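Here is the structure we will look at.
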2 protein chains.
Amino acid sequence: MKRKPVVAALAVIAAAGLMLEAAAQVKPEILVKQRQAAMTLQGKYFGPLGGMAQGKAPYNADLVARNAAYLDVLTQMPWDGFAASTKDVKSAALPEVFTDPAKFKEAQERTQGEIARLVSISKSGDEAAIKAQILTVNKACDNCHESFREKR
Amino acid sequence: MKRKPVVAALAVIAAAGLMLEAAAQVKPEILVKQRQAAMTLQGKYFGPLGGMAQGKAPYNADLVARNAAYLDVLTQMPWDGFAASTKDVKSAALPEVFTDPAKFKEAQERTQGEIARLVSISKSGDEAAIKAQILTVNKACDNCHESFREKR
């Protein structure tokens, strides 16, 4: 059996920076890296909103609307990275992620729901309501972290 | 001058997981981490499309459309992380990122444009055209990596 064409094809794919994620199991370490990447970007785009809601940074309605839209997408991204295969990979995830998936899913959906509400409210022009909703989002983030992430 | 209230306020913000990104300079190391996170997620959502375009994974029109929409947002995210302040932070970025910003910006915009075209074409139901556009996106990624990222 000739193996070379397969190897060559794989080399081409690797060179092209492509992964066969859809066809094969993604390595647990990669799943962890990807979910942490989604969390990092949530921090990037939520951080400034938190500062505004607390009056620590000047309010910028356009930035809130843009970041809320980004967060609406980003909060779809981390969860499939918490696959059972990642249970033993070193990370800040608590065992409860895997032992209480129903509660974990509820916490995810609460966060997604509050972000969706922020997207909606961010179009209203009501600064006080927008700031209040930013703080509500923050509570949803904290709520999930308290139950499912190691204290830092 | 009393410094304590400032420190206390910062501690409260840190505890809430908030960053004053909008108000203060973000640390170069954080900028690098954030831009790498965006690249990691681009890999997560582009990888399976590459596999499909090359016939290595079964074609899934819904997945292409979803991932293209995600990529449309993700390809807005890495670039502000290549701030001049990150010039000396260890990463795979080549000096050309900072010495040829016009060419770098052109490469970013080419990638964004090809992703936007993929979003559009992914709604057409024309599998051959969609696969061809996936490969065109891949070329845009590679084009930028060749000029601006260390060989791996």
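The values are calculated or read from the model by the stated rules, or taken from the named source; none is laboratory data. What you see is a predicted model; the values in this text were computed from it and never measured. Because the Cβ atoms are built from the backbone with ideal geometry, glycine has one as well, and the counts that use them run over all protein chains shown. When the accessible area is computed, the model is the full protein with side chains, heavy atoms only, and any ligands, DNA or RNA have been set aside. Shrake-Rupley method; radii C 1.70, N 1.55, O 1.52, S 1.80 Å.
Between identical copies, the spacing of B:Ala61 label points, each set 7 Å from Cα toward the C-beta atom, reads 4.1 nm from nearest to farthest.
Compute for chains A and B the buried accessible surface, both sides summed, probe 1.4 Å, and express it in Å² to the nearest 100.
Buried area (both sides, nearest 100 Å²): 3100 Å².
With 20 Å² as the minimum drop in accessible area between chain alone and full protein complex (1.4 Å probe), the qualifying residues in segment A:49-81 are A:Gln54, A:Lys56, A:Ala57, A:Tyr70, A:Val73, A:Gln76, A:Met77, A:Asp80.
Between copies, the label points of A:Thr99, set 7 Å from Cα on the Cα→Cβ line, lie 5.6 nm apart, reported in increasing order to one decimal in nanometres. Applying both filters, DSSP loop and at most 16 other Cβ atoms within 10 Å, to the GluC sites (Glu not before Pro) of segment B:68-152 gives B:Glu150. With every protein chain in place and a 1.4 angstrom probe, the accessible-area ranking of A:Leu135, B:Leu31, largest first, reads A:Leu135, B:Leu31.
Listed by chain and number, the aspartates and glutamates whose C-alpha is less than 12 Å from the C-alpha of A:Lys131, apart from same-chain residues fewer than 8 away, amount to an empty set.
What fraction of the Cα pairs in segment B:55-152, stated in percent, has a spacing above 17 angstrom? It would help to have the intermediate numbers written out before the result.
Numbers: 2589 of 4753 pairs.
Tail of the P(r) past 17 Å holds 54 percent of the pairs.
Of all lysines in the structure, those lying under 17 Å Cα to Cα from B:Lys103, and not within fewer than 8 positions of it along the same chain, are B:Lys87, B:Lys139.
Give me the percent of the accessible area of segment B:73-152 that comes from carbon and sulfur atoms, probe 1.4 Å, all protein chains in place.
Details: 2320 of 4440 Å².
Looking at segment B:73-152 in its full context, I get 52 percent from C and S.
List the residues of segment A:115-151 whose accessible area drops by at least 10 Å² when all protein chains are present, compared with their chain alone, using a 1.4 Å probe and counting only protein heavy atoms. In segment A:115-151, residues shielded by partner chains: A:Asn138, A:Asp142.
With all protein chains in place and ligands, DNA and RNA left out, the 1.4 Å accessible area ranks B:Thr136, B:Thr86 as B:Thr136, B:Thr86, largest first. Scanning chain B for the Cβ atom closest to the axis that brings B onto A yields residue and whole-Å distance B:Ala37, 2. Of the trypsin sites (Lys or Arg not before Pro) found in segment B:26-93, the ones in coil according to DSSP and having at most 15 other Cβ atoms within 10 Å of their Cβ are B:Lys87, B:Lys90.
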